[in-house]
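**Q** Dumping the structure here so I can ask a few things about it.
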Amino acid sequence: MSRPRQADDNAIAEAVAALARGELVAMPTETVYGLAADATNERAVLAVFAAKGRPRFDPLIVHCSDLAMVQQVAQVSPRAERLAAAFWPGPLTLVLPRRPLIPDVVTAGLDTVAVRIPAHPVAQALIRACGRPLAAPSANRFGAVSPTSAAHVAEQLASSLALILDGGPCAVGIESTVLVPDPQPLILRPGGVTRARIATVLGEPVRLAARQQRLDSLRLASPGLLSKHYAPRAPLVLRAPDEPWPDDAAALAFSSATAPAAGVFAVLSERGDLAEAAATLFAKLRALDALAPSRIVAELVPDEGLGEAINDRLRRAAGLG
Ligand code: TXA
Ligand code: MG
């Protein structure tokens, strides 16, 4: 059983030792907390899937400290190099052809591997001190709301972890953007880096994958797989744009301007700022869920910039992914 520990040098050194023994550690990143294991240790990675209750067909992201480490793990194409220069360290994950260093269990047997260099100083320090890449999914039970604080991690996974490194609340608050750069840039999961910023760097249009393309990327056939994700315990439904807020449900509103006048509700960003809304989304969803409402009604946010990622999470929480 593990409680959050301030991520000072001592705690990081203990985390390095635990990872070297094949144990699991929760680490803060700028997006969400990750459930980390030595990516080169098959047994440790299997323990990650077991701790989350995650199906083995859903591959993990490999976290690296620098581009040299990325190159040990994957083949970095010219397009990927430009994206790396613009967005790493940061909330962008690239799906690249893999090299043999990473065992099959990490990539679910695919010939690609998802990699990113996280920006959080604790994640950076931890990977550097380990000297090897860390496989880390979000540190929540499979299908549940992602953790943006160490306390969130402890609620769901404490018994599986050697250590929970507390690096404060996550600044970005939603997961990284998952992008396949080649042969044409395709976003599999919108996230912390917006589509417009990626298109500007590449100087070409960037598409957002349809559901079938996402399944294809994982070589999955069944449409039922992965449909419900980021889900609170209470059923979550989306409010149609002009529909009034129901008075028998907990409401998740975008801004003060759109919030209900009374009742049980949370507001993502009082001033209607998308970056703030992304940073607070998962914590507000958890806080409403903790009130055990009969259901949660959420409204979509403007579908631009980070709004694309926020709306993706809300739709998937509603089972519409
Ligand atoms: O911000 C983040 O990305 C966080 C922090 C901890 O880094 N991690 C995270 O991991 O969100 P996870 O496991 O919750 O989501 C990883 C996503 C999944 O949707 C998975 O299907 C996809 O990345 N993925 C991983 N490897 C892939 C591959 N080779 N091809 C296509 N998709 C892949
Ligand atoms: Mg996740």
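**Q** So what is log10(I(q)/I(0)) for the stretch 90-183 at q = 0.13, 0.21 1/Å, when the Debye sum runs over its Cα atoms only?
**A** So the normalised log intensities work out to -0.52, -1.32.
**Q** Can you give the angle from 0 to 90° between the axis of helix 274-290 and the longest principal axis of the chain, with both taken from C-alpha atoms, to the nearest 10?
**A** That works out to roughly 80 degrees.
**Q** Here is a follow-up. Filter the trypsin sites (Lys or Arg not before Pro) in the stretch 142-235 to those in DSSP coil with at most 13 other Cβ atoms within 10 Å of their Cβ, and list the result.
**A** Arg219, Arg233
**Q** OK, next. Please give the calculated 222 nm ellipticity per residue for the chain, where each DSSP H segment of at least 4 residues contributes -39500 (n - 2.57) and the sum is spread over every residue; nearest 500 deg cm²/dmol?
**A** Mean residue ellipticity, 222 nm, calculated: -9500 deg cm²/dmol.
**Q** Among bridges DSSP assigns within the chain, what percent are antiparallel (round to 5)?
**A** The antiparallel proportion sits near 40 percent.
**Q** Determine the dipole magnitude for the stretch 183-321: charges of +1 sit on the beta-carbon of Lys and Arg, -1 on that of Asp and Glu, nothing else is charged, the reference point is the Cα centre, and the result goes in debye to the nearest 20.
**A** That gives the stretch 183-321 a dipole magnitude of about 680 debye.
**Q** How long is the gain from Asp8 to Ala240 if the chain were fully straight, where each residue apart is worth 0.36 nm and the alpha carbon distance is subtracted?
**A** 78.9 nm
**Q** Nothing charged except the Cβ atoms of Lys and Arg (+1) and of Asp and Glu (-1): what's the magnitude of the dipole of the stretch 236-317 about its Cα centre? Round to the nearest 20 debye.
**A** 320 debye
**Q** Evaluate Rg over Rh across the stretch 236-317, taking Cα atoms for both radii and Kirkwood's formula for Rh.
**A** 0.92
**Q** Relative contact order for the chain: what is it in percent, counting Cα pairs under 8 Å that are at least 6 residues apart?
**A** 20 percent
**Q** Here is a further query. Quick one: how many Å² of Arg286 are accessible to a 1.4 Å probe, rounded to 10?
**A** 30 Å²
**Q** Whole number in Å², please: accessible area per residue of the chain, 1.4 Å probe, ligands, DNA and RNA not counted.
**A** Accessible area per residue, the chain: 41 Å².
**Q** Using R₀ = 30 Å, calculate the FRET efficiency as 1/(1 + (r/R₀)^6) where r is the Cβ-Cβ separation of Asp104 and Arg82; round to 0.05.
**A** Efficiency computed from Cβ-Cβ geometry: 0.55.
**Q** Rounded to the nearest 5, what is the percent of antiparallel bridges among the DSSP beta bridges in the stretch 142-293?
**A** Rounded to the nearest five, the antiparallel share is 35 percent.
**Q** Restricting attention to the stretch 90-184, which trypsin sites (Lys or Arg not before Pro) occupy a DSSP loop and are surrounded by at most 10 other Cβ atoms within 10 Å?
**A** Filter output for the stretch 90-184: empty list.
**Q** Largest first and to the nearest Å, give the Cα extent of the stretch 29-94 along each principal axis.
**A** Between the extreme Cα coordinates on each principal axis of the stretch 29-94 lie 36, 23, 20 Å.
**Q** Compute the semi-axes of the equivalent ellipsoid of the chain, taking the square root of 5 times each eigenvalue of the Cα gyration tensor, and list them largest first in whole Å.
**A** 31, 23, 18
The values are calculated or read from the model by the stated rules, or taken from the named source; none is laboratory data. As the structure is a computational prediction, the values presented were derived from the model and not from experiment. As a convention, Cβ positions derive from the backbone with ideal geometry for all residues, glycine included, and neighbour counts pool all protein chains shown. Ligands, DNA and RNA are stripped out before the accessible areas are found, and what is left, the full protein with its side chains, is counted by its heavy atoms. Shrake-Rupley method; radii C 1.70, N 1.55, O 1.52, S 1.80 Å.
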